[in-house]
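Participant: Structure below; questions to follow.
The values are calculated or read from the model by the stated rules, or taken from the named source; none is laboratory data. Note that this is a predicted model, so its numbers are computed, not measured. Neighbour counts are summed over all protein chains in view; Cβ atoms, including those assigned to glycine, are modelled from backbone coordinates with ideal geometry.
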Amino acid sequence: MRLGLILGDQLSQQLATLKALDREQDMILMAEVVDEATYVQHHVQKIALLFSAMRHFAKALKQDGWKIQYHVYEAKSPIRSLLDYVEQQQKRLNAEAIVVTHCGEYRLQQQIEQEWPKKLQVPVKCLEDDRFFCGLNEFRHWAARYKVLRMEYFYREMRKKTGYLMQHDAPEGGKWNYDHSNRKPWSGKTPLPERLQFKRDTIDDDVIALVKREFKDHLGSLDNFRWATTRSDAQKALAHFIEHMLNDFGDYQDAMVYGSDFMFHSLLSPYLNCGLLSPEEVCEAAEAAYHAGNAPLNAVEGFIRQILGWREYIRGIYWLNMPDYAQENALNNTRALPAYYWTGKTKMTCMSECIRNTLEHAYAHHIQRLMVTGNFALLTGIKPEEICEWYLAVYADAYEWVELPNTLGMVMHADGGLMASKPYAASGNYINKMSDYCKHCHYNVKTKTDHDSCPFNSLYWHFVKRHETFFRSNARMHMVYRSLDKMQDQDKVLAHAEHLLTHLDQL
Ligand code: FAD
Ligand code: DLZ
Ligand code: SF4
């Protein structure tokens, strides 16, 4: 008998482990364990989503005739880690080998490759995770062809490979990328869609009660737990997005609105990342909506690019560069993360809104993550490991393979520009253009140096000045440095920012 361990983010019927095993002979293991549930202070909704989805998945496998051993969470159990459980079951069943699919985080993959074979004394077979469009070796080969890596070129290769939105060898509509049409603020005219609600069953209720009881010290609230926990409900979420949001996804992809937590975003990342949905079925549904005339090209191309382009590219970058990647700090940041990241208690409305959203739903959409909470961490020079830990803890879709390149690379520029050719730094002007947050704010977005001036404004110029040696020669930053050179009140602006930086916790 072989044992196949299925992890909490491997809940796919097409998983390599299931394809390799025999349901008549072999045994599937799944385990809710302390080590995985607490290696960061995961948001309670992320734990509830995974435990409930794991239990539903185990039930479905059993109905399909698989033999399963499932370890239910117990804080005081001697089974602390996945290895503890595998070891216990291997001895009990005298299993001849362990099968697992390549996992999503370097820390666990290292344990599987290094520690497990020593401790288990039976072969550990680790299979490639083929639930992605691009294999890790394929990405390595692609990356080896370039001196500088850029997502856009990778994306074009993936379009050609998959044929999505292609007409023979040419991109649909004549262009690869329709992003220029995708940067509109929301005018208020297009109604914002409702988030789908799902019926809860006893598995959900049991898990929610367990998480409330056992994870009291973890952040977030379960009051608004609305995630699908089964494949069929995740499929309903996909259909709901295609029908009600995709049409406007492109136009308002970068827009933010006070009190509106989801806009036209799909909310599908937690399902894609834990395996309840496959990237193929999501891209195919979007493409079909375009061909049926139900969604415009700018929206469908923009959406497919996020999954076929960004998501795959990010994964490739992670595995290409780990473990050194996690240690990078190209801008030498040293500042601690302000406490309001964990509470949302700040007078900066953009920050309090994005953090409120995060705490209530274990979700914030991309521009909230990138241009508000991320931008603020970049401008204020937060230590990469602290902001990375925050992003890994607070979102239902967070696994290090996708969180780290987005945070350390795209947001913090800590990889020296591997992920992004220029830093995503912006003043309050950008936030004011793309949202209505500033209308609800204590601070004045129009000024830089008054006691109530928007902190982003002076901090932006402090960032630009502070990293002058790093960025002045970057062609994409020429205009910015030209403006800095011409700035008449530069000293005053920088002094104001200095003051803010020494009083960050009071903003
Ligand atoms: P939509 O806007 O509807 O996009 C559709 C899909 O595209 C998403 O479901 C996701 O699978 C994919 N996608 C879009 N942008 C990215 C991206 N930059 N990288 C990878 N996939 C992308 N995404 C995660 O899945 N997990 C994370 O831990 C994570 N951490 C992030 C941290 C920071 C600092 C930033 C700036 C972004 C992060 N992202 C992460 C990317 C992105 O913000 C989320 O994928 C997205 O907000 C999820 O919401 P959605 O499903 O409604 O996305
Ligand atoms: C995130 C998570 C949590 C909270 N709990 C578990 C768990 O108890 N058992 C499990 O198998 N997986 C869990 N996960 C997901 C894993 O942490 C994930 O598989 C690894 O981080 C690799 O991506
Ligand atoms: Fe954010 Fe500044 Fe606007 Fe306030 S004024 S919401 S701090 S950008």
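Participant: Residues that are within 16 Å of ligand 3 (Cβ to nearest atom) and over 26 Å from residue 252 (Cβ atoms): does the range 380-390 have at least one? So that I can check it myself, show each step before the final result.
Facilitator: Step one: list which residues in the range 380-390 are within 16 Å of ligand 3 (Cβ to nearest atom), which gives 380.
Cutting the leftovers down to over 26 Å from residue 252 (Cβ atoms) gives us 380.
There is at least one residue in the range 380-390 that is within 16 Å of ligand 3 (Cβ to nearest atom) and over 26 Å from residue 252 (Cβ atoms).
Participant: Could you please let me know if residue 363 is part of a loop (DSSP other than H, G, I, E, B), buried (at least 19 other Cβ atoms within 10 Å of the Cβ), within 16 Å of ligand 1 (Cβ to nearest atom) and at pLDDT 95 or above?
Facilitator: Numbers: part of a loop (DSSP other than H, G, I, E, B): yes; buried (at least 19 other Cβ atoms within 10 Å of the Cβ): yes; within 16 Å of ligand 1 (Cβ to nearest atom): yes; at pLDDT 95 or above: yes.
The answer is yes for residue 363.
Participant: From (1) surrounded by 19 or more Cβ atoms within 10 Å (Cβ to Cβ); (2) more than 16 Å from ligand 1 (Cβ to nearest atom), pick out the condition that doesn't hold for residue 413.
Facilitator: Of the numbered conditions (1) surrounded by 19 or more Cβ atoms within 10 Å (Cβ to Cβ); (2) more than 16 Å from ligand 1 (Cβ to nearest atom), the odd one out for residue 413 is (2).
Participant: Here is a follow-up. Mind checking which residues of the range 395-428 are more than 24 Å from residue 349 (Cα to Cα) and either within 16 Å of ligand 2 (Cβ to nearest atom) or part of a helix (DSSP H, G or I) (or both)? It would help to see each step written out before you state the result.
Facilitator: Keep residues of the range 395-428 that are more than 24 Å from residue 349 (Cα to Cα), which gives 397-405, 408-409, 413-422.
Within the range 395-428, 397, 398, 399, 400, 401, 402, 403, 404, 405, 408, 409 meet the criteria.
Participant: Check 453, 427, 458 and return the single one that is of a type in the set (Gly, Ala, Ser), modelled with pLDDT of 95 or more and over 16 Å from residue 378 (Cα atoms). Explain how you work it out, then say what you get.
Facilitator: On the way: 427 fails: over 16 Å from residue 378 (Cα atoms); 458 fails: over 16 Å from residue 378 (Cα atoms).
Unique residue meeting the criteria: 453.
Participant: Name the single residue that is modelled with the highest pLDDT among those in the range 202-232 being of a type in the set (Asp, Glu) and either within 24 Å of the chain's Cα centre (by Cα) or more than 16 Å from residue 45 (Cα to Cα) (or both). Spell out how you get there, then give the answer.
Facilitator: The first filter runs over the range 202-232 and keeps only residues of a type in the set (Asp, Glu), leaving 204-206, 214, 217, 223.
Next, from what is left, pick out any that are either within 24 Å of the chain's Cα centre (by Cα) or more than 16 Å from residue 45 (Cα to Cα) (or both): 204, 217, 223.
Values: 204: 98, 217: 93, 223: 91.
If we take residues in the range 202-232 being of a type in the set (Asp, Glu) and either within 24 Å of the chain's Cα centre (by Cα) or more than 16 Å from residue 45 (Cα to Cα) (or both), then 204 is modelled with the highest pLDDT.
Participant: Here's a follow-up. Within the range 455-500, work out how many residues are touching a Ser or Thr at 6+ places or on another chain (Cβ under 7 Å) and either within 16 Å of ligand 3 (Cβ to nearest atom) or among the small types (Gly, Ala, Ser) (or both).
Facilitator: Total meeting the criteria: 9.
Participant: Still on this structure: (1) under 17 Å from the mean Cα position of the chain (by Cα); (2) of a type outside the set (Lys, Arg); (3) closer than 28 Å to residue 222 by Cβ: which one isn't true of residue 316, the others all being true?
Facilitator: (3)
Participant: Follow-up. Cβ-Cβ below 8 Å, separation at least six or inter-chain, first residue in the range 441-462 and farther than 16 Å from residue 371 by Cα and outside any loop (DSSP other than H, G, I, E, B), second among the acidic types (Asp, Glu) and away from ligand 2 (no atom under 16 Å from the Cβ): which pairs?
Facilitator: Hits for this filter: 444/450; 444/452; 462/498.
Participant: Still on this structure, please answer the following. Of (1) on the phi > 0 side of the Ramachandran plot; (2) part of a helix (DSSP H, G or I), residue 263 satisfies all except one. Which?
Facilitator: Here residue 263 meets the rest and fails (2).
Participant: Quick one: would you say residue 393 is more than 8 Å from ligand 1 (Cβ to nearest atom) and touching a helix residue (DSSP H, G or I) at 6+ places or on another chain (Cβ under 7 Å)? Walk me through how you get there before you give the answer.
Facilitator: Working: more than 8 Å from ligand 1 (Cβ to nearest atom): yes; touching a helix residue (DSSP H, G or I) at 6+ places or on another chain (Cβ under 7 Å): no.
Against the criterion (more than 8 Å from ligand 1 (Cβ to nearest atom) and touching a helix residue (DSSP H, G or I) at 6+ places or on another chain (Cβ under 7 Å)), residue 393 does not qualify.
Participant: What pairs come up if the first residue lies in the range 20-43 and is within 22 Å of residue 97 (Cβ to Cβ), the second is hydroxyl-bearing (Ser, Thr, Tyr) and within 16 Å of ligand 2 (Cβ to nearest atom), and their beta carbons are under 6 Å apart, counting only those six or more places apart or on different chains?
Facilitator: Cβ pairs passing all conditions: 30/70; 31/85; 33/81.
Participant: Name the strands (runs of 3 or more DSSP E) wholly within the range 63-142 that hold at least 3 residues that are in contact (Cβ under 8 Å) with a residue 12 or more places away in the chain and more than 28 Å from the chain's Cα centre (by Cα)?
Facilitator: Values: elements: 67-71, 97-101, 124-127.
Correct list: 67-71.
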